[in-house]
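The values are calculated or read from the model by the stated rules, or taken from the named source; none is laboratory data. All figures in this text were calculated on a predicted structure; none of them were measured in a lab. Positions of Cβ are generated from backbone atoms using ideal geometry, with glycine treated the same way; all protein chains shown enter the neighbour counts. Ligands, DNA and RNA are stripped out before the accessible areas are found, and what is left, the full protein with its side chains, is counted by its heavy atoms. Shrake-Rupley method; radii C 1.70, N 1.55, O 1.52, S 1.80 Å.
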Amino acid sequence: VPLLDFRRPERLTSFEGIPIFITHGEHDRNCTFSRTAELVELLGEAGADIYFLPDPELGHESPSAETYREYRDWLEFVLADD
C-alpha cells in the first residue's frame, strides 16, 4: 500500500477550518524540517488553522518542556473557542 502524500491539494481540502498544532525540530534528520515547513504552508493555503512551532535546538527527539507548555496553552485556547 503506497503512503498517502498529504501535500497533494485534493488531500488538503478536508483540513479547512481544522485547528492543527505542529512542532518540528530544525535539526531533524529523519523527517526534514523543510518538508514539514512545506506541509505547514500547504495546510495554511488549504484553510487549516495552523499553529506552527519550530524548535531550532532539536532534531528528532521529544519536544522541549517549553513546547509542551505552548501545546497545552494552544489546546486550552482551541477548546475554549468551541
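Summarise the accessible area of the stretch 38-82 (1.4 Å probe, protein heavy atoms) by the percent that is carbon and sulfur. Don't skip to the end; give the middle numbers.
On the way: 1680 of 3170 Å².
C and S atoms contribute 53 percent here.
Show me, for the stretch 14-26, the HN-Hα J-couplings you get by feeding each phi into the Karplus relation (A = 6.51, B = -1.76, C = 1.60, θ = phi - 60°), rounded to Hz, glycine and proline as x.
Listing the rounded values in order: 6, 8, 4, x, 8, x, 9, 9, 10, 10, 7, x, 5 Hz.
Calculate one ³J(HN,Hα) per residue across the stretch 32-41 by plugging θ = phi - 60° into the Karplus curve 6.51 cos²θ - 1.76 cosθ + 1.60, and present them in order as whole Hz with x for glycine and proline.
These are the phi-based 3J(HN,Hα) values: 4, 4, 4, 5, 5, 4, 5, 5, 4, 4 Hz.
Which cross-chain or sequence-distant (5 or more) residues have an amide H under 5 Å from the amide H of Leu53, H modelled 1.01 Å from N in plane?
Sorted by chain and number, the residues that satisfy this are Ile22, Thr23, His24.
Any idea of the accessible area per residue across the stretch 30-69, 1.4 Å probe, to the nearest Å²? Before the final figure, lay out the partial values.
Values: 2530 Å² over 40 residues.
Result: 63 Å² of accessible area for each residue.
Would you mind working out the magnitude of the charge dipole of the chain relative to its Cα centre, with +1 at each Lys and Arg C-beta and -1 at each Asp and Glu C-beta, to the nearest 20 Debye? Please report the intermediate quantities before stating the final value.
Numbers: 7 positive and 18 negative charges, 74 e Å.
It comes to approximately 360 debye.
Show that you can apply the helix-only estimate: for the chain, add -39,500 (n - 2.57) for every DSSP H stretch of four or more residues, divide by all residues, and state [θ] at 222 nm to the nearest 500. Could the numbers behind the result be given before it?
Numbers: 3 runs with 33 residues, N = 82.
Result for the chain, helices only: -12000 deg cm²/dmol.
Mind running the shape call on the chain? Use the C-alpha gyration tensor, a ≥ b ≥ c as the square roots of the eigenvalues: rounded below 1.5 for a/c, prolate if a/b tops b/c, oblate otherwise.
Details: a/c = 2.24, a/b = 1.06, b/c = 2.11.
Because a/c hits 1.5 or more and a/b fails to exceed b/c, the chain counts as oblate.
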